[in-house]
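Data first, discussion second: the structure below is written as structure tokens.
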Amino acid sequence: MMEKHKRLKSGWVGNTISYLYLSVLSVMAVFPLLWIVLCSVKKQGELLSNPTKLIPSAVTLDNFKNVLINLGFLNNIGNSIIIAFSSTLITITISALGAYGIVRFYPRFGKLMTRVLITTYMFPPILLAVPYSIIMGKAGLMNTRIGLVIVYLSFSVPYAIWLLVGFFQTVPLEIEEAARVDGANKIQVFVNVALPIVAPGLVAVAIYTFINAWNELLYALIMTNSTSKMTVSIALKSLEGQEILDWGTMMAASVLVVVPSIIFFMLIQKKIAGGLSQGSIK
């Protein structure tokens, strides 16, 4: 009885220390975002006089009004949303089909193919800037959203296929054969059996592709020359070039850039834990 009581006590102490440690790390991770959000609702005078003060004396939305209305960030946000979501959806579709085809139809050649695909990451982005600009210029896709989507796909699809190959290799072949015996065709097996099992991999691909497309600056800056097609990353970078930097406006713009990525992650994070058993159930 005493030994059992000691084990329970030591377990309780260990869990308490673990939770305290994780809580401290969580606060450290969240604090920069919290500080930016609080600074974005401060008045300009308070932000300059006492920038280290955490809680604002008075909350104001003037900074957000200036960013969205006067600086036209709504148009930039719309461009980034279209480009990021288009890149994400197309990447998921192409990479899922490609990875499944490699695993099921070309298992021997698939390993070599995935290694060739991942070698595209050996080249730094700036090295490919000139070739991409020439190709997009000749194709008439400069200063277009489609051009940026194509460029982002060339980087995201190889990595996504390489990542999903490992996930599809964990799908038991017996489950697919059982579905075929029950009358399912190849497309139904792929959609209703394989995809739900690899849902965590699809979520990882979606997060990676969306955040990269949302935050990318180099190619967006090179391939965009009109304010109507600028993304939020370019618009945020342009604020640094002002003669007098408005920190309230900068903080509000930073919040608008960061929050969509957080919302996107929160919307799809449930699929990470829920996708492992759904395929076998179906």
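The values are calculated or read from the model by the stated rules, or taken from the named source; none is laboratory data. Fair warning: this is a prediction, and the values are worked out from it, not measured in the lab. Methodologically, a virtual Cβ is constructed for each residue, glycine included, from the backbone with ideal geometry; neighbour enumeration extends over all protein chains shown. What goes into the accessible areas is simple: the full protein's heavy atoms, side chains included, and nothing from ligands, DNA or RNA. Shrake-Rupley method; radii C 1.70, N 1.55, O 1.52, S 1.80 Å.
Looking at the structure I just gave you, is Thr91 open to solvent by less than 30 Å² (accessible area, probe 1.4 Å), farther than 26 Å from Ser233 by Cα, under 24 Å from the mean Cα position of the chain (by Cα) and β-branched (Val, Ile, Thr)? Outline the logic, then answer.
Values: open to solvent by less than 30 Å² (accessible area, probe 1.4 Å): yes; farther than 26 Å from Ser233 by Cα: no; under 24 Å from the mean Cα position of the chain (by Cα): yes; β-branched (Val, Ile, Thr): yes.
No: the conditions fail for Thr91.
Kindly list, by first and then second residue, each pair from a residue in region 22-39 that is open to solvent by 60 Å² or more (accessible area, probe 1.4 Å) to a residue that is not in a helix (DSSP H, G or I), limited to pairs with Cβ atoms under 9 Å and residues at least 6 apart or on different chains.
Sorted first by the residue in region 22-39, then by its partner, the pairs are Leu34/Leu54; Trp35/Leu54.
Assess whether Gly137 counts as being free of Cβ contacts under 8 Å to residues at least 40 places away in the same chain and more than 17 Å from Leu221 (Cα to Cα). Walk me through it before giving the result.
Numbers: free of Cβ contacts under 8 Å to residues at least 40 places away in the same chain: yes; more than 17 Å from Leu221 (Cα to Cα): no.
No, not satisfied.
Can you spot a residue in region 145-168 that is in contact (Cβ under 8 Å) with a residue 60 or more places away in the chain, surrounded by 14 or more Cβ atoms within 10 Å (Cβ to Cβ) and in a loop (DSSP other than H, G, I, E, B)?
Checking region 145-168: not a single residue is in contact (Cβ under 8 Å) with a residue 60 or more places away in the chain, surrounded by 14 or more Cβ atoms within 10 Å (Cβ to Cβ) and in a loop (DSSP other than H, G, I, E, B).
Anything in region 107-140 that is of a type in the set (Gly, Ala, Ser) and either exposed (fewer than 10 other Cβ atoms within 10 Å of the Cβ) or within 24 Å of the chain's Cα centre (by Cα) (or both)? List them, or say none. Even if it seems obvious, please write down each step before you answer.
Going through region 107-140, the residues of a type in the set (Gly, Ala, Ser) turn out to be 110, 129, 133, 137, 139-140.
The one that is of a type in the set (Gly, Ala, Ser) and either exposed (fewer than 10 other Cβ atoms within 10 Å of the Cβ) or within 24 Å of the chain's Cα centre (by Cα) (or both): Ala129.
Across region 48-89, what is the total count of residues that are closer than 19 Å to Glu216 by Cα and either at pLDDT below 85 or hydroxyl-bearing (Ser, Thr, Tyr) (or both)? Spell out how you get there, then give the answer.
Our first condition is that a residue be closer than 19 Å to Glu216 by Cα; within region 48-89, this holds for 73-89.
Narrowing the set further to residues that are either at pLDDT below 85 or hydroxyl-bearing (Ser, Thr, Tyr) (or both) leaves 80, 86-88.
Counting residues in region 48-89 that are closer than 19 Å to Glu216 by Cα and either at pLDDT below 85 or hydroxyl-bearing (Ser, Thr, Tyr) (or both) gives 4.
Looking at region 175-222 only, could you name the residues that are in contact with a Ser or Thr (Cβ under 7 Å, 6 or more places away or on another chain), assigned to a loop (DSSP other than H, G, I, E, B) and either of a type in the set (A, V, I, L, M) or free of Cβ contacts under 8 Å to residues at least 40 places away in the same chain (or both)?
Scanning region 175-222 gives a single hit, Leu217.
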